[in-house]
2 protein chains.
Amino acid sequence: MPVGTRGAIKGLTFRDVRDAGAEIILGNTYHLHLRPGDRLIARAGGLHAFIGWPHPILTDSGGYQVFSLAAMRKVTEDGVAFRSHLDGALCALSPEGATDIQARLGSDIAMVLDELVGADNRYPITDNRSLGAADRDRISDIGYRTSDARAAMERSVRWARRARARMLRLREDPAVAADVQVTNPGQAQFGIIQGGVDPALRTESVQATVGIGFEAYAIGGLSVGEPVDLMYEVVGHTAPQLPAGRPRYLMGTGMPDDLVECVARGIDLFDCVLPTRNARNGQLLTRHGVLVIKNAQYSEDRRPPDSGCGCYTCRTFSRAYLRHLFMAGEMTAATLLTVHNLYFYLDLMARIREAIGFGSFEKLRQEFHQTFSRRPQQP
Amino acid sequence: MPVGTRGAIKGLTFRDVRDAGAEIILGNTYHLHLRPGDRLIARAGGLHAFIGWPHPILTDSGGYQVFSLAAMRKVTEDGVAFRSHLDGALCALSPEGATDIQARLGSDIAMVLDELVGADNRYPITDNRSLGAADRDRISDIGYRTSDARAAMERSVRWARRARARMLRLREDPAVAADVQVTNPGQAQFGIIQGGVDPALRTESVQATVGIGFEAYAIGGLSVGEPVDLMYEVVGHTAPQLPAGRPRYLMGTGMPDDLVECVARGIDLFDCVLPTRNARNGQLLTRHGVLVIKNAQYSEDRRPPDSGCGCYTCRTFSRAYLRHLFMAGEMTAATLLTVHNLYFYLDLMARIREAIGFGSFEKLRQEFHQTFSRRPQQP
């Protein structure tokens, strides 16, 4: 899912987004709640109508942004109090409140509010793939203690129960809350599995959350700074415990190889700002790895970013031209690089789906790793 | 002609540009010469190949930017010496040099280097349409003296003669200059009429410039701060003296009503940053006039910017959504507003061409003025 934080995929129009192959986008509840406001969006008929995107939308709960962006937050059993990063205004988000906001937004998939550990205390994602299971002992590297992870997981379960109860009440009687204009009666709600990097906590979280009963489930609290192999381990431990007939969503991941590896471990759905954010920073993701477009070696390179790619950017423009636009600070550079990165991600997922259908996913996985490297690409 | 200063129309991809109806774009020689450099572009096969736009391109001579952007410029009979606005590097532009640069760029239409008065000393364009012929006496308002205008006009004629001679030499024998890689042997060259706001100077300039003999002619040195009625007078005086069978190009104009009025006076071709720049500043041009999208009155306005407009933006998005994107600082706001403004300009020109064909241009002109106002639009 391309991330459309404030009702737009940064640098793109929706026809670019569709052309890149997107079927569903993600909107950020925190940002839309603060501006332009979920009540205004509800009066416009919901988020689909307001932003002019008639296709599926998933909204997060706002929790991740509260834990990573907002200032002076205070977590109690009731919910989170925080100050808006826009104007410092005092705000509050509760499990019921996050459900109500998303009911007004009318997304197709709403997420429950969860408590995160790690999001506010993360260190740069390391690429040290040699780290193994021993990392579990180096729990201080993760930025939180197991007892923190347990407390947040247990609170997340209690919050999930409240969010589900609120959701079901709104679904059964949309008129139950006079100030909640339900704009999409068919909205689904996903529960979120927490528990940090501890397998036992993850299993507990799965059992309790699946016990509440949601349309489907997400794995949260990963890609917040832990070593990538540890993330894979947690996904590999958790995903198979989730109901087989429902989509499994890994929140906030990741690099292209993460997608391949996490699909291998049972994940169906991803969201990440990486393809769009890295594009604006001049990084193209290709089947060979990362191409840093500002590098002087591309100044007269007439090849497309990725000769095997069918996106508009690769069909039309050279590395030399894209480098020129990026160096000149032209907005069009961000647009064209984003078009490529999104297409690359969505095409990778489409090829994965196809390979699964043909029973050849393991072959795709091997070939992918033979070609792809996280180190910047050489000419 | 949409303005693609550095090889891109700001905020758009070329498929947006084509979709808006553009058949020809303008590239700025000054900017492209400084970065990425006309020699690099020539090695890539010329500007069309480098930027991936296979349709017509007009390049200016670079003179206007030297006179308006560059620092510490010094004009001599030989040409202009100046410092790059990018890095302060000492540069020089001569009539022959500007011709050579454009030969390397390989645009379809090259412009001669001219000397401008007014560009560096302009005051904000006034909208006081009540000013009449008496303005000619208030020549100090224009920012230059008639004697300055005469000197610049006469030098421009001498420069035009040198530019044409260079152009013809390159055309007859593309190998004549070892360091000039001619990338478009079919390039045309337009002369430029100068003479400020003085009718006698304009007539002199026409006679001398047409005497040299170019594929077609432009009127330069207007829209640099003079009252709009005075600009119309100069256009009305000058355009009819230019060869009837050749396109007449008014450089750097203007507002939508300027296009209608200057077509009425004999102009065929325009360029202006106004539709693209104003879009980035949140101003939409509509058949009613200027719509300032940030105004609070649009925060819940579900109508498109212009209900009579067929552009992607008006077909898809509401004023409320566009306002939200603009207030949030989303790049997509600039893109969507630019898509509309360009479509509006190009559609206006298309309707003008059609009306001329049907003999109903005067009717279009009257109806246009009945609807259009330069004052910000009321809801």
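Taken residue by residue, the stretch A:253-266 has no member that is over 18 Å from A:Arg375 (Cα atoms), within 14 Å of another protein chain (Cβ to nearest Cβ) and assigned to a helix (DSSP H, G or I). On the given criteria, is B:Pro275 modelled with pLDDT of 95 or more and either among the acidic types (Asp, Glu) or assigned to a loop (DSSP other than H, G, I, E, B) (or both)? No. Of all residues in the stretch B:221-249, those being within 18 Å of the chain's Cα centre (by Cα), assigned to a loop (DSSP other than H, G, I, E, B) and of a type in the set (A, V, I, L, M) number 2. I'd like to check something: does the stretch B:294-301 contain any residue that is closer than 27 Å to B:Ala8 by Cα and out of contact with any Ser or Thr (no Cβ under 9 Å at 6 or more places or on another chain)? Yes, some residue in the stretch B:294-301 is closer than 27 Å to B:Ala8 by Cα and out of contact with any Ser or Thr (no Cβ under 9 Å at 6 or more places or on another chain).
Here is a yes/no grid of residues against (1) touching a helix residue (DSSP H, G or I) at 6+ places or on another chain (Cβ under 7 Å); (2) touching a residue at least 60 places away in the same chain (Cβ under 8 Å); (3) within 30 Å of A:Gly11 (Cα to Cα); (4) basic (Lys, Arg):
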site: B:Leu336; (1), (2), (3), (4): yes, no, yes, no
site: B:His340; (1), (2), (3), (4): yes, yes, yes, no
site: B:Leu348; (1), (2), (3), (4): yes, yes, yes, no
site: B:Glu354; (1), (2), (3), (4): no, no, no, no
site: B:Gln366; (1), (2), (3), (4): no, no, no, no
site: B:Gln370; (1), (2), (3), (4): no, no, no, no
site: B:Gln377; (1), (2), (3), (4): no, yes, yes, no
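Looking only at the stretch A:228-244, decide whether some residue is modelled with pLDDT of 95 or more, closer than 30 Å to A:Gly46 by Cβ and of a type outside the set (Lys, Arg). The answer is yes; a qualifying residue exists. Scan the stretch A:283-302 residue by residue and report those that are farther than 21 Å from A:Arg374 by Cβ and among the basic types (Lys, Arg). Across the stretch A:283-302, the qualifying residue is only A:Arg302.
Within the stretch A:309-321, if we keep just the residues that are surrounded by fewer than 21 Cβ atoms within 10 Å (Cβ to Cβ) and either within 18 Å of A:Lys10 (Cα to Cα) or in contact (Cβ under 8 Å) with a residue 24 or more places away in the chain (or both), the residue that is nearest to the other protein chains (Cβ to nearest Cβ) turns out to be A:Tyr312. Based on this model, can you work out whether B:Thr209 counts as free of Cβ contacts under 8 Å to residues at least 60 places away in the same chain and more than 15 Å from B:Val112 (Cβ to Cβ)? No. Pull up the stretch A:270-282, narrow it to residues that are closer than 30 Å to A:Gly236 by Cβ and crowded, with 19+ Cβ neighbours inside 10 Å, then point me to the one that is farthest from the other protein chains (Cβ to nearest Cβ). Ranking the qualifying residues of the stretch A:270-282, first place goes to A:Phe270. In the set (1) touching an Asp or Glu at 6+ places or on another chain (Cβ under 6 Å); (2) modelled with pLDDT of 95 or more, A:Ile267 fails one condition alone, (1).
For (1) modelled with pLDDT of 95 or more; (2) part of a loop (DSSP other than H, G, I, E, B); (3) within 7 Å of chain B (Cβ to nearest Cβ), each residue gets a yes or a no:
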{"residue": "A:Asp306", "(1), (2), (3)": "yes, yes, no"}
{"residue": "A:Arg323", "(1), (2), (3)": "yes, no, no"}
{"residue": "A:Phe326", "(1), (2), (3)": "yes, no, no"}
{"residue": "A:Thr332", "(1), (2), (3)": "yes, no, yes"}
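Scanning the stretch A:334-359 for residues that are surrounded by fewer than 13 Cβ atoms within 10 Å (Cβ to Cβ) and either within 14 Å of chain B (Cβ to nearest Cβ) or over 25 Å from A:Val17 (Cβ atoms) (or both) turns up A:Phe358, A:Gly359. Of all residues in the stretch A:282-300, those that are more than 20 Å from B:Ile51 (Cα to Cα) have Cβ atoms under 8 Å from Cβ atoms of residues that are assigned to a helix (DSSP H, G or I) and aromatic (Phe, Trp, Tyr), 6 or more apart or on another chain, in A:Leu285/A:Phe344; A:Leu285/A:Tyr345; A:Thr286/A:Phe344; A:Arg287/A:Phe344; A:Arg287/A:Phe368.
The values are calculated or read from the model by the stated rules, or taken from the named source; none is laboratory data. Because the structure is predicted, anything quoted here is derived from the model rather than measured. Using ideal geometry, Cβ is built from the backbone for each residue, glycine included, and neighbour counts are taken over all protein chains shown.
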